[in-house]
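Peer 1: Take this structure, written in structure tokens, and hold onto it; I'll ask about it next.
Read the figures in this text as sums done on the coordinates, not as results from a lab. Keep in mind it's a predicted model, so treat the numbers as computed, not measured. Here Cβ is always computed from backbone atoms with ideal geometry, including for glycine, and neighbour counts include all displayed protein chains.
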Amino acid sequence: MTVHYIYHSCFAVETETLLLVFDYSQDSADGRLRQLLDNRGERVLYFVVSHFHEDHYNPAILDIDGARRLISYDTVKRRRVPKEKVDAILRPDECYQDEHLTLHVMHSTDVGISSLVTLADGTTLYHAGDNNNWYFPEEPGEHIHCSLKEMEGLFLATVRSVAKLAPQVEHVMFPVDPRLGSEIIRGAFQWLWHVKTVHFYPMHCWDRWEEVHRAMAQLRENFPEVTFHV
Ligand SMILES: [Zn+2]
């Protein structure tokens, strides 16, 4: 199995039987997603959309033939996605299941949902969407509509609910967002503390890779058992 980073919060998970694309907004400059789509052969293609924001959803996915589209409730509503284009509407605490995967729809501290996926062979994946501890140390009111303490409580509740369902998650795609300044890894750190993680992939990085690399070095130091991909 290979987890391909595409762009921003978009990843394509490729196995022998499926190609599972999370939060497609745009392709990488070198067209990695295009290549994967062109070479997908018999693989079943999925698009999972965590929420309606432009950096997580591109309506172009509606025009791709043969795809199974699992789309969050807010996206369906706010982006007026025609019902016949949707294979499942994702709502928190619900579950989608077919012959290849089970997707537990988890909460997010931002809009929409996050996804805990178990593949047929038992491999587990988590894609956070915009779920993070949005702990903006300066002027939180500009970014969040609750206190920092409430934000942290909400976030930790989402993390505990994943830990309860999955004793271990093999592949975790999670925001490491430089806009959080000194708190860039607060959420990731708390995640790794509570959820046994094998592979960790940062996302939502706004191309500020220097800050992300520094943050990842800190995580590596604290969690030597985890493989970090950046
Ligand atoms: Zn976002």
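Peer 1: Identify all residues within the stretch 3-24 that are within 16 Å of the ligand (Cβ to nearest atom), assigned to a loop (DSSP other than H, G, I, E, B) and out of contact with any strand residue (DSSP E or B) (no Cβ under 6 Å at 6 or more places or on another chain); write none if there are none.
Peer 2: HIS8
Listed here are the residues, each with its yes/no results for (1) out of contact with any strand residue (DSSP E or B) (no Cβ under 9 Å at 6 or more places or on another chain); (2) surrounded by 20 or more Cβ atoms within 10 Å (Cβ to Cβ); (3) assigned to a strand (DSSP E or B).
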{"site": "ASP27", "(1), (2), (3)": "no, no, no"}
{"site": "TYR46", "(1), (2), (3)": "no, yes, yes"}
{"site": "HIS51", "(1), (2), (3)": "no, yes, no"}
{"site": "GLU54", "(1), (2), (3)": "yes, no, no"}
{"site": "ALA60", "(1), (2), (3)": "yes, no, no"}
{"site": "VAL81", "(1), (2), (3)": "no, yes, no"}
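Peer 1: Please identify the pairs in which a residue from the stretch 123-135 that is within 19 Å of CYS10 (Cα to Cα) and aliphatic (A, V, I, L, M) has its Cβ atom under 9 Å from the Cβ atom of a residue that is more than 16 Å from the ligand (Cβ to nearest atom) and not in a strand (DSSP E or B), counting only partners at least 6 apart or on another chain.
Peer 2: Cβ pairs passing all conditions: ALA128/TRP191.
Peer 1: From the residues in the stretch 62-79 that are within 16 Å of the ligand (Cβ to nearest atom) and either assigned to a strand (DSSP E or B) or under 19 Å from the mean Cα position of the chain (by Cα) (or both), which one is farthest from LEU33 (Cα to Cα)?
Peer 2: ASP74
Peer 1: Just give me the residues in the stretch 42-52 being out of contact with any Gly (no Cβ under 7 Å at 6 or more places or on another chain) and under 19 Å from TYR126 (Cβ atoms), in sequence order.
Peer 2: TYR46, PHE47, VAL48, VAL49
Peer 1: Just to be sure before I move on: is THR109 surrounded by fewer than 17 Cβ atoms within 10 Å (Cβ to Cβ), among the hydroxyl-bearing types (Ser, Thr, Tyr) and either within 16 Å of the ligand (Cβ to nearest atom) or closer than 30 Å to LEU37 by Cα (or both) in the structure I sent?
Peer 2: no
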